[in-house]
Amino acid sequence: MLPDALQEIQRAEREGFDAAIIGCFYDIGLREARELARTLVVTGPAEASLHIAASLGHSFSILVGRRKNIPLMKENVYRYGFRNHLASFRPLGLGVLEYHLDEEETKRRMIREAKAAVEEDRAEVIILGCTIQFGFHKELQELIGVPVVDSALPALKYAEFLCELNQRFHWGHSKIGDFEPPPESELLQWNLATQYGGIATKERDETK
């Protein structure tokens, strides 16, 4: 998925978009996208949800589809600096394509695991750890009695927030350190400027 995602982000920047959202709770390629984007702001559902959840309560639990999802998601939680806020991961035993096959069964599993997260793990906020879980948060929140963060919604609102910061205060992704772009000489030498749909470089811009 990574080359395709980076290609789409490059296309969005060329076409004048202000922001891009990586539409998976894994936040696949978020760092790489921020390296390549020159002015475009980029975020992902996990990053956005964790920031918001940590503001809504001291601890959160994340409902995931399968146990397989947990290791990479935990790495991201730690990397983003929210290790001390993580109460637990709670797997639902569902694959991505199964969430909406039987929504009543999905809802039953969500209620069971969310209640356990609050009562047993002391979670104060629940995060729905897959964007395909969209649409369940409102009813779940009313039943459980704590904020339930639908990860698709924070991604959009956080992207809007980053756009406003960029447009009003010129606060974009720092280009030294973690998000420093690859050397343009390497992009050109390895033909990456055209291989993935036209990676932006100053040299390419000057030849137009």
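Quick one: what pairs do we get from the stretch 165-194, first residue among the aliphatic types (A, V, I, L, M), second modelled with pLDDT of 90 or more, C-beta under 6 Å, 6+ apart or different chains?
LEU165/TRP171
On the basis of being surrounded by 14 or more Cβ atoms within 10 Å (Cβ to Cβ), more than 21 Å from LEU153 (Cβ to Cβ) and in contact (Cβ under 8 Å) with a residue 12 or more places away in the chain, does LEU86 make the cut?
no
Looking only at helices (runs of 4 or more DSSP H) that fall completely inside the stretch 1-85, which ones have 2 or more residues that are at pLDDT 95 or above and not aliphatic (A, V, I, L, M)?
Passing ranges, in order: 45-56, 70-79.
Just the residues that are surrounded by 16 or more Cβ atoms within 10 Å (Cβ to Cβ) and closer than 23 Å to ILE176 by Cα, please, taken from the stretch 39-50.
Within the stretch 39-50, LEU40, VAL41, VAL42, THR43, GLY44, GLU47, ALA48 meet the criteria.
If LYS138 meets every condition in (1) within 30 Å of PHE17 (Cβ to Cβ); (2) outside any strand (DSSP E or B); (3) at pLDDT 95 or above apart from one, which number is that one?
Here LYS138 clears every test but (3).
Conditions (1) part of a helix (DSSP H, G or I); (2) surrounded by fewer than 18 Cβ atoms within 10 Å (Cβ to Cβ), marked per residue:
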position	(1), (2)
ALA114	yes, no
ASP121	no, yes
ILE126	no, no
GLU142	yes, yes
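So, ARG34, is that one loosely packed, with under 15 Cβ neighbours inside 10 Å and not aliphatic (A, V, I, L, M) or not?
Values: loosely packed, with under 15 Cβ neighbours inside 10 Å: no; not aliphatic (A, V, I, L, M): yes.
Considered against the rule, which asks whether it is loosely packed, with under 15 Cβ neighbours inside 10 Å and not aliphatic (A, V, I, L, M), ARG34 comes out as no.
Residues being out of contact with any helix residue (DSSP H, G or I) (no Cβ under 9 Å at 6 or more places or on another chain) and assigned to a helix (DSSP H, G or I): count how many of those fall in the stretch 163-184.
8
The values are calculated or read from the model by the stated rules, or taken from the named source; none is laboratory data. Just so it is clear, the model here is predicted, and its values are computed rather than measured. In this analysis, Cβ positions are derived from the backbone assuming ideal geometry, glycine residues included, and neighbour counts consider all displayed protein chains.
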